1. Looking at (1) touching a strand residue (DSSP E or B) at 6+ places or on another chain (Cβ under 8 Å); (2) surrounded by fewer than 17 Cβ atoms within 10 Å (Cβ to Cβ); (3) farther than 15 Å from residue 2 by Cα; (4) touching a residue at least 12 places away in the same chain (Cβ under 8 Å), which is the one condition that is false for residue 56?
2. Taking the condition of being more than 17 Å from residue 86 (Cα to Cα), outside any helix (DSSP H, G or I) and modelled with pLDDT under 95, how many residues in the range 32-69 meet it?
3. Could you run through the range 70-81 and say how many residues are at pLDDT 95 or above and under 16 Å from residue 98 (Cα atoms)?
4. Please work out if residue 86 is in a loop (DSSP other than H, G, I, E, B) and touching a strand residue (DSSP E or B) at 6+ places or on another chain (Cβ under 6 Å).
5. With the requirement that a residue be in contact with a helix residue (DSSP H, G or I) (Cβ under 9 Å, 6 or more places away or on another chain) and either in a strand (DSSP E or B) or loosely packed, with under 13 Cβ neighbours inside 10 Å (or both), what does the range 9-31 give you?
């Protein structure tokens with residue numbers, strides 16, 4: 001199992017809209033994320049619009065490859081670009097994320 005930590009930056013003037021959108025994430029997107037192999041995915045917002053994400057998967061590269069071919073995911077990422085100050089990364093399946101290095105784990 002891989003644990004993935006990532007950062008996103010939300011545009012300050014779009015923060016409230018971003019939060020509202022995430023109260024009702026598209027069901028078809030949630031289905032795609034699960035099909036890609038993502039589980040236990042959560043987002044955590046810090047003051048100022050910096051957001052930390054955590055998820056688990058078996059193979060991050062396979063998740064990214066699956067999402068790179070997903071029309072639903074592409075449509076969501078295009079929509080989210082109105083709200084994010086994070087550029088998309090084709091190497092991460094077109095997601096606007098900065099991957100983090102795990103430095104500690106207590107199990």
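The values are calculated or read from the model by the stated rules, or taken from the named source; none is laboratory data. For clarity, every value in this text was computed on a predicted model and none was experimentally measured. Ideal geometry is used to build each Cβ from the backbone, glycine not excepted, and the neighbour counts take in all protein chains shown.
1. (3)
2. Counting residues in the range 32-69 that are more than 17 Å from residue 86 (Cα to Cα), outside any helix (DSSP H, G or I) and modelled with pLDDT under 95 gives 1.
3. 0
4. Against the criterion (in a loop (DSSP other than H, G, I, E, B) and touching a strand residue (DSSP E or B) at 6+ places or on another chain (Cβ under 6 Å)), residue 86 qualifies.
5. Of everything in the range 9-31, those that are in contact with a helix residue (DSSP H, G or I) (Cβ under 9 Å, 6 or more places away or on another chain) and either in a strand (DSSP E or B) or loosely packed, with under 13 Cβ neighbours inside 10 Å (or both) turn out to be 10, 25, 31.
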